[in-house]
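Some notes on the structure that comes next.
None of the figures in this text is laboratory data; all of them are computed from the coordinates on show. Treat the numbers as computed from the prediction; the structure is a model and nothing was measured. In this analysis, Cβ positions are derived from the backbone assuming ideal geometry, glycine residues included, and neighbour counts consider all displayed protein chains.
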C-alpha cells in the first residue's frame, strides 16, 4: 500500500468518526439537556526525507482528536410540573450516583421520592451545596417550589439549595448515559451566579435539519474518497500492464 492509499484511509476513518458523531446527535435530538457533539481532528505531517521529489517529502494525515460539545442553550420545554427546572446559562445539577460519587446533569426533571428526597426522573437524589440530598415535607398540602437561585422552598421555609456546578472545560466531562456526566475540576456556583427557570426543562440543542444536511455532506465526501481510491487502483493496474509489456 503506497502513501496515497494511507492518506485516503486516514481521511475515510475521519469521515467514519464524523458520521458516528452525527448519528449519535440525531439519536439524541429528543434527549433533555443533550449538547450536540462535533468531531475534532488534528493534522499529522510526516516528513519523508527519502522521497523522490521535494514536494512529496511532507505527507499530511488526519488524526482523531476527540469530540467537543456545543454548549449553546437548548429551548425551554414547559412540562406543567413546577419542580422541573432548566438551567439558564452554564452549569449542571449535582446528582448522587449509585456508587456514591457525584454526577452532573442538565436534565431537570425533578420528583419527590417516598423518603421526601428530591430526585431526578431516574431516582438519583439531587444534592445541595454541602453534597447532601435535599429532603422536603411529604405532606401533599405542603407547597414545594424552586426559586431562580436554586433555593428549595416548602411554603415559606427554605429547606436547601440545589447545587449547580460549572466547568471551565466542559469537554473533560464524560457521558455515563441517561443524561448523566462525570468529571472533575468543577466549581460550585453561588446563588447570585445560578439561574434556574421552573416549570419546564431544557430541550436538546441538536437541529435535525442541520444534522441531516451534515450527514449527507459526510456521505458525499466518502463517495469522493472512494472514487479517488478506485482511480488510484486503475492507475496502478495500467502502470503494471505497461511495465510488463516493456519487459
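Please list log₁₀ I(q)/I(0) at q = 0.16, 0.19, 0.20, 0.21 Å⁻¹ for the range 76-202, using the Debye equation with identical point scatterers on the alpha-carbon positions.
Debye curve over Cα of the range 76-202, log10 I(q)/I(0) at q = 0.16, 0.19, 0.20, 0.21 Å⁻¹: -0.71, -1.03, -1.15, -1.28.
Roughly speaking, what is the stretch gain from residue 233 to residue 171, that is 0.36 nm per residue apart minus the C-alpha to C-alpha distance, in nm to one decimal? Let's see the in-between values first.
Numbers: separation 62, 0.36 × 62 = 22.32 nm, distance 4.04 nm.
Computed gain between residue 233 and residue 171 is 18.3 nm.
If each DSSP helix of 4+ residues adds -39,500 (n - 2.57) and the sum is divided by the residues in the chain, what number results at 222 nm, nearest 500 deg cm²/dmol? Don't jump to the answer; show the numbers that get you there.
Details: 2 runs with 64 residues, N = 247.
Calculated mean residue ellipticity at 222 nm is -9500 deg cm²/dmol.
Just subtract the alpha-carbon distance of residue 242 and residue 192 from 0.36 nm times their residue separation and send over the number in nm, one decimal. Don't jump to the answer; show the numbers that get you there.
Numbers: separation 50, 0.36 × 50 = 18.00 nm, distance 7.73 nm.
Working it through step by step, the gained length comes to 10.3 nm.
With a ≥ b ≥ c taken as the square roots of the eigenvalues of the C-alpha gyration tensor of the range 87-162, please select rounded if a/c is under 1.5 and otherwise prolate if a/b is larger than b/c or oblate if it is not?
Numbers: a/c = 1.80, a/b = 1.28, b/c = 1.40.
It is oblate, given that a/c is not under 1.5 and a/b is not larger than b/c.
Suppose R0 equals 41 Å; then what is the FRET efficiency for residue 77 and residue 226 from their Cβ-Cβ distance, rounded to the nearest 0.05? If you can, show how the numbers build up before the last one.
On the way: r = 41 Å, r/R0 = 1.01.
FRET efficiency, residue 77 to residue 226: 0.50.
For the chain, just list the percent of Cα-Cα distances falling in each 5 Å bin from zero outward, please.
Computed distribution, short to long bins: 1, 6, 11, 14, 13, 11, 8, 7, 6, 5, 5, 4, 3, 2, 2, 1, 1, 0, 0, 0.
Suppose each label sits 7 Å from its Cα in the direction of the beta carbon; what would the residue 207-residue 143 distance come out to in nanometres?
4.1 nm
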